[in-house]
Amino acid sequence: MEILIAAIVLAVGFVAAAALVARGRGAAAPPLARAEASAERAEAAAEDAQRQSSAAEELARQARDLERRTLELDKRVSEVDADRAQLSEARERLGRDRALLQRELERVSGLSASQAKTLLLREIEEEARHAHAKLLRSIEEETKREAERRVRSILSIAMQRLAASHAAETTVSVVQLTSDDMKGRIIGREGRNIRALENLTGVDFIIDDTPNAVVLSGFDGVRREIARMTLERLLQDGRIHPARIEETYYQAKSELESHMLEEGEAAVLEANVGGLDPELVKMLGRLKFRTSYGQNVLAHSVETAHLAALMADELGASAKTARRAALLHDIGKAVSHEVEGPHALVGGELARRHSESEAVAHAMEAHHNEVEPQTVEAVIVQAADALSGARPGARGESLEQYVKRLRDLEQIATRHPGVDKVYAMQAGREIRIMVQPGAIDDDAAVVLSHEIAREIEKELEYPGQIKVTVIRESRAIEYAR
């Protein structure tokens, strides 16, 4: 308001000053001129006064707005201070109520805060485990459906197109005699003949009460075959003494090497693989006299080559690489007693040394997961090898090995808590585990089956695969009287 009054006073002053100036000038000018000048000055003074009045009104309006906003701001500051005080009071009240509620909860539940926290974490853990088992079961079922549909088609085609023979385990050879009198001649004076035979061949000659037969025992099939050929030639010749034994031994060894080369060439021809190094062909022939779980290794290699080629054709992979690697995948067994290391890695090095491609060598090395498979052909060779060894009748086991495997399977399963009974079935290719329903729920049963399967893979060696089935049965019984 003071600003408005000052502006009005200032405007009146300007008007009075203008009138005085006009009156002073009018005394010296003519009357008409003075009148015109006086009118102009009066008009200009009026305009100035109007402008000054408008400016003063604008200033007054702005002053009123400023004062109004100041009052509103002061009011809002007061309201914020009041809200802050109320919030602080509510926070303190909430803290007191929370402490009171916690004490009341502890009193009612009989649990302290730390005990309740532990219980809550346990419940969250159980929920997470349940969700994990549910997701695992869902993924496993989906994967099985998709994989079984594709694998069933490929494997059925491969197996239907391949005919294979059954195998029998053998670590001994039997040489028939014309009469038991020949046993004494084979033993020789003070046992010199039989000692010479065993020292040269590295095979045990068992001469017992078995009528008209000598048993040759040894794990090396090549040595056992040389010993058989040597003894049969000595029996045909009739001259049995250390010098003749040594001469006949080297003749049989030379002949067997030629025979192994022929067997290797026949296997290469049957598997439809060409361009192999002659040394590799010879090593393949040595596999004719090697067995794995009673399965002839050379026959297994040829069979694996056919299976790998069929599966590679179905999958659009290189059938040539798969066939070649499958035929050579066990060639390390031909020299495994001479070179240290797993036969898969030894075979891969032999393949590289004899100018085989890196794809072939890698597939050979990866067929027992000594190295991680990096190509489709490597996975195919691995699958073909497992299929050839796992088919019914392909491999045999001694009774002792069979019983030991069943016992190991049951021990792996029974050491888990909650397991009630364990049954090994189908010659050890399936294991069924009965669990206590009160100790193992449905989710834990899924996890248990996976844990037992992984432990079997780590601890046991077996051909093919082993199915792990966890059975949880809950019964409710009541009697009507």
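A few points about this structure:
- Identity of the residue in the stretch 137-156, in contact with a helix residue (DSSP H, G or I) (Cβ under 8 Å, 6 or more places away or on another chain) and closer than 21 Å to ALA312 by Cβ, that ends up modelled with the lowest pLDDT: LEU155
- Just one of (1) free of Cβ contacts under 8 Å to residues at least 40 places away in the same chain; (2) buried (at least 16 other Cβ atoms within 10 Å of the Cβ) fails for ARG228. It is (1).
Rundown of residues vs (1) surrounded by 13 or more Cβ atoms within 10 Å (Cβ to Cβ); (2) in a helix (DSSP H, G or I); (3) within 37 Å of the chain's Cα centre (by Cα); (4) not assigned by TED's automatic domain parsing to the domain that holds LEU350, yes/no style:
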residue	(1), (2), (3), (4)
LEU234	yes, yes, no, yes
ILE240	yes, no, no, yes
GLU257	yes, yes, no, yes
VAL268	yes, yes, yes, no
LEU276	yes, no, yes, no
LEU280	yes, yes, yes, no
GLY285	yes, yes, no, no
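- Given (1) within 37 Å of the chain's Cα centre (by Cα); (2) at negative phi, number of the condition ASN272 does not satisfy: (2)
- Hits in the stretch 179-213 - residues which are β-branched (Val, Ile, Thr) and touching an Asp or Glu at 6+ places or on another chain (Cβ under 9 Å): VAL203
Okay, residues lined up against (1) exposed (fewer than 14 other Cβ atoms within 10 Å of the Cβ); (2) more than 21 Å from the chain's Cα centre (by Cα):
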| site | (1), (2) |
| --- | --- |
| PRO437 | no, yes |
| ASP441 | no, yes |
| LEU448 | no, no |
| ILE452 | no, no |
| TYR462 | no, no |
| ARG472 | no, yes |
| ARG475 | yes, yes |
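- Selection within the stretch 426-435 - more than 26 Å from the chain's Cα centre (by Cα) and either part of a loop (DSSP other than H, G, I, E, B) or within 16 Å of ALA133 (Cβ to Cβ) (or both): GLN426, ALA427, VAL435
- Only helices (runs of 4 or more DSSP H) whose full extent lies in the stretch 315-373 are considered here, and none of them has at least 1 residues that are outside the structural domain of ARG286 (by TED's automatic domain parsing).
The values are calculated or read from the model by the stated rules, or taken from the named source; none is laboratory data. The model shown is predicted, which means the values in this text are computed figures rather than measured ones. Reconstructed Cβ throughout: ideal geometry from the backbone, glycine too, with neighbour counts over all protein chains shown.
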